[in-house]
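The values are calculated or read from the model by the stated rules, or taken from the named source; none is laboratory data. In this text, all values refer to a predicted model and were calculated from it rather than measured experimentally. FYI the Cβ positions are ideal-geometry reconstructions off the backbone, even for glycines, and counts take in every protein chain you see. To get the accessible areas, we keep the full protein, side chains included, count just its heavy atoms, and leave off ligands, DNA and RNA. Shrake-Rupley method; radii C 1.70, N 1.55, O 1.52, S 1.80 Å.
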Amino acid sequence: YGDKVRFYSKENGGVATALNLAIEKSKGEYISWLSHDDLYYPNKIQRQIDELQLLSPEERSQTILFSHFDYYNTYEKKRHEAPKLDNFTNDDPFYTYNMLDVLWSSKLGGCTLLIPRNLFYEIGFFDTTQRTTQDYSLFIKFFKAGIKYRYIDDILITSRHHKDQDTLKLMPLH
């Protein structure tokens, strides 16, 4: 990738501070991040760009894309598909109810998201005082601001679950 990859160093202040720095330094129109213990499938970004093409330019700047995912459980050394969002469709009359279910039941994989960069400047960045829930706090803040979430029913990432994962220290593997 040559000079397109830039490296920034900062004192460890937690995940939120690292993500905020990356967003502030970014030049692109969309933000997607990959946690150190997760994997993108090779088609992840292209599949999301293809989905964006279905939207008007105005919708593209106000819509967050997310997808289905699988996870690798290091205890079992097995890959599992995350629970399907069977009741969720993008044009569902119960969108608000179903999106609240997705957010409150942790069915949204943060690394699956593709977020218009402008939303961070319009609505806010990650809360640096939160060590493990900064992502969901921001996702809920976007939702409350009226930002639309659009679901892609394809598995686009693998999340790895392991004993050292901060989130899983709060809730056990299933």
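Quick check: is even one residue across segment 73-86 of a type in the set (S, T, N, Q) and within 18 Å of residue 111 (Cβ to Cβ)?
Yes - at least one qualifying residue is present in segment 73-86.
Counting only residues that are closer than 22 Å to residue 44 by Cβ and in contact (Cβ under 8 Å) with a residue 24 or more places away in the chain, how many does segment 135-159 have?
Total meeting the criteria: 17.
Would you mind telling me which numbered condition in (1) of a type in the set (Ser, Thr, Tyr); (2) closer than 21 Å to residue 18 by Cβ; (3) in contact (Cβ under 8 Å) with a residue 12 or more places away in the chain residue 41 fails?
(2)
Any chance you could count how many residues in segment 51-110 are among the β-branched types (Val, Ile, Thr) and assigned to a loop (DSSP other than H, G, I, E, B)?
The qualifying residues number 2.
Any idea which of (1) over 14 Å from the mean Cα position of the chain (by Cα); (2) within 25 Å of residue 151 (Cα to Cα) is the one residue 5 doesn't satisfy?
All conditions are met except number (2).
Go through segment 1-24 residue by residue and tally those that are in contact with a Ser or Thr (Cβ under 8 Å, 6 or more places away or on another chain) and either surrounded by fewer than 10 Cβ atoms within 10 Å (Cβ to Cβ) or of a type in the set (D, E, K, R) (or both).
Residues meeting the conditions: 1.
For the subset of segment 62-114 comprising residues that are among the basic types (Lys, Arg) and touching a Phe, Trp or Tyr at 6+ places or on another chain (Cβ under 8 Å), which member is farthest from residue 43 (Cα to Cα)?
Filtering segment 62-114 for residues that are among the basic types (Lys, Arg) and touching a Phe, Trp or Tyr at 6+ places or on another chain (Cβ under 8 Å), the one farthest from residue 43 (Cα to Cα) comes out as 78.
I'd like to verify a number: residues in segment 1-46 that are over 14 Å from residue 158 (Cα atoms) and assigned to a loop (DSSP other than H, G, I, E, B), how many?
16
Kindly indicate which of 77, 27 is open to solvent by 100 Å² or more (accessible area, probe 1.4 Å), more than 26 Å from residue 141 (Cβ to Cβ) and free of Cβ contacts under 8 Å to residues at least 60 places away in the same chain.
On inspection, the qualifying residue turns out to be 77.
Matching residues to (1) of a type in the set (D, E, K, R); (2) open to solvent by 70 Å² or more (accessible area, probe 1.4 Å); (3) over 17 Å from the mean Cα position of the chain (by Cα); (4) modelled with pLDDT under 80:
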{"site": "86", "(1), (2), (3), (4)": "yes, yes, yes, yes"}
{"site": "111", "(1), (2), (3), (4)": "no, no, no, no"}
{"site": "122", "(1), (2), (3), (4)": "yes, yes, yes, no"}
{"site": "138", "(1), (2), (3), (4)": "no, no, no, no"}
